[in-house]
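The values are calculated or read from the model by the stated rules, or taken from the named source; none is laboratory data. Being a predicted model, the structure only gives us computed values, none of them experimental. Because the Cβ atoms are built from the backbone with ideal geometry, glycine has one as well, and the counts that use them run over all protein chains shown. In case anyone asks, the SASA skips ligands and DNA or RNA and just uses the protein heavy atoms, side chains included. Shrake-Rupley method; radii C 1.70, N 1.55, O 1.52, S 1.80 Å.
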Amino acid sequence: MNYNNNFNKQIYQNSLFNYNYSTATLSQSLAEIISQDISSKLHDLISMSDSARFKTIMEILMKAERAIHLENSISDKANGYMKRKLNTSMGQIELNVPRDRNGDFRPSVLPPKYQRFDDSYLNLINAGINNFYSQSGIRDYLNNLNLPYSKEQLDKLSEKIYEEYQIWKERELPEDVIAIFVDGYHTELYEEEAKKVVKAVVYLVIGIDFKGEKDLYAIEFITGNENKDSWMEVFNKLISRGLKRPLIVISDDFRGIDEAVKTLFPNALHQLCWTHFRRNVRRNMGKKPAKEFSQFLEKLKLEKDFEIAKSKFMEYTEKFKEKYPGYISYIQKKHELFLCFFRFDVSVRKHFYTTNIVESFNNILGIIERNSGGFFRSKKMLELNCYIKRNQLKTKKWSKPAPNIKANIYYLIQMFGRIYGENPKIN
């Protein structure tokens, strides 16, 4: 790695593409073990000022170092923090320095007492955000800092967070939920045992329960192509963990998914993503007809009654059937799946017509894939990144129920009761 005193903002801009998974490997993984609040700080790491970023990374490293110290000192315990002011070229920065009960611990990342940080060391610290991609990259970075992290210690700490993920992955799910949003990301994955790159699909399931709370319910990796059997496998795993009755399933128009939903969740409503449907109109029709059709769909979205919306849709699409017989026949056949969200009151429809909620996870997958040479080099690393992203969201965006859903819980419970014949079980 090349560090110099002219470390500029470009490295921070570039680091945006590495942030979600690189920080996960060391900084956030260790932070998850040591202190849950670190993940909320890391969420805004890229946009922080230089001094705030420096403070955050320093405190992450010091906490990680204390964790290793306590691993090797069974009789010692953590003992809070003390304030210490450091003089730097950015001005004076106050750090929360972790302490131990025995008084033996002092973070190696700190300079000697009364010594001022110079620019080269500041650059080295800040560069960490752009270099936490692999275990070897982390070790190289930490060696440059002369910190006492051995390969064995890193591996041990990495295993701890992965063990936590494995427990989380098998946790029991609520039996009845408002919605599950499902998505399949097509990619290639390096299989360690076979020593080759194979086609795979990453299946993500996000749910909203009857408290209005969102969570990542599942991360599944299945090699081969997406089909009905693979969706059956994903849904059966959800069922084995307790999920039985979703009010609605929201998905893209994946091969075999409508049959899988009908088989395993026969009473559930099923919405095919309206946003992707509109995009596909432009791909399957000429420019002018597609524009006209898109304008119609935009107006149709305001219709309050499902049956009226359905009637208008079927009538309008007939005018394009002669020119686009295959495509129009297909969407007419699946019209109830595309229009399912019209069954909901207009006050809550916006939550149930698109799979956009999964897009933030897809962004992570795309970033890692591009920076890994077009395929995923480790299933384990990918699982950890999705899990850590989930923990980020649970401390920020998903920390509270969506206000609009919470305000309409009674309505959604009544709708569930009409479909299933009884009210949902709410834990």
**OP:** Kindly indicate the residue of the range 192-242 that is among the hydroxyl-bearing types (Ser, Thr, Tyr) and over 19 Å from Gly366 (Cα atoms) and also most open to solvent (accessible area, probe 1.4 Å) among those meeting that condition.
**Re:** Ser240
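Residue by residue, here is whether (1) touching a helix residue (DSSP H, G or I) at 6+ places or on another chain (Cβ under 6 Å); (2) of a type outside the set (Ser, Thr, Tyr) holds:
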{"site": "Ser329", "(1), (2)": "no, no"}
{"site": "Lys333", "(1), (2)": "no, yes"}
{"site": "Glu336", "(1), (2)": "no, yes"}
{"site": "Val348", "(1), (2)": "no, yes"}
{"site": "Thr355", "(1), (2)": "no, no"}
{"site": "Ser360", "(1), (2)": "no, no"}
{"site": "Ile364", "(1), (2)": "yes, yes"}
{"site": "Ile368", "(1), (2)": "yes, yes"}
{"site": "Leu382", "(1), (2)": "no, yes"}
Original post:
Within the bounds of the range 392-415, is there any residue that is within 19 Å of Lys304 (Cβ to Cβ), open to solvent by 10 Å² or more (accessible area, probe 1.4 Å) and not in a helix (DSSP H, G or I)?
Top reply: yes
**OP:** Check Glu322, Glu383, Glu369, Glu336 and return the single one that is assigned to a helix (DSSP H, G or I), of a type outside the set (Ser, Thr, Tyr) and open to solvent by 60 Å² or more (accessible area, probe 1.4 Å).
**Re:** Glu336
Subject >> Residue list for the range 175-191, restricted to those being open to solvent by 10 Å² or more (accessible area, probe 1.4 Å) and either touching a His at 6+ places or on another chain (Cβ under 9 Å) or closer than 16 Å to Phe265 by Cα (or both) >> reply: Glu175
Original post:
Somewhere in the range 150-161, is a residue over 25 Å from Asn362 (Cα atoms) and at pLDDT 85 or above?
Top reply: no
Original post:
Among the listed residues Lys301, Lys334, Lys288, Lys262, which satisfies the condition of being more than 30 Å from Lys214 (Cα to Cα) and either modelled with pLDDT of 95 or more or more than 25 Å from the chain's Cα centre (by Cα) (or both)?
Top reply: Lys288
**OP:** Give the residue, chosen from Asp258, Asp229, Asp252, that is under 17 Å from Ile357 (Cβ atoms) and among the acidic types (Asp, Glu).
**Re:** Asp252
**OP:** Could you check, for the range 373-380, whether at least one of its residues is assigned to a helix (DSSP H, G or I), of a type in the set (Lys, Arg) and open to solvent by less than 50 Å² (accessible area, probe 1.4 Å)?
**Re:** no
**OP:** Go through (1) crowded, with 19+ Cβ neighbours inside 10 Å; (2) in a loop (DSSP other than H, G, I, E, B); (3) free of Cβ contacts under 8 Å to residues at least 40 places away in the same chain one by one and return the number of the condition Ala260 breaks.
**Re:** (2)
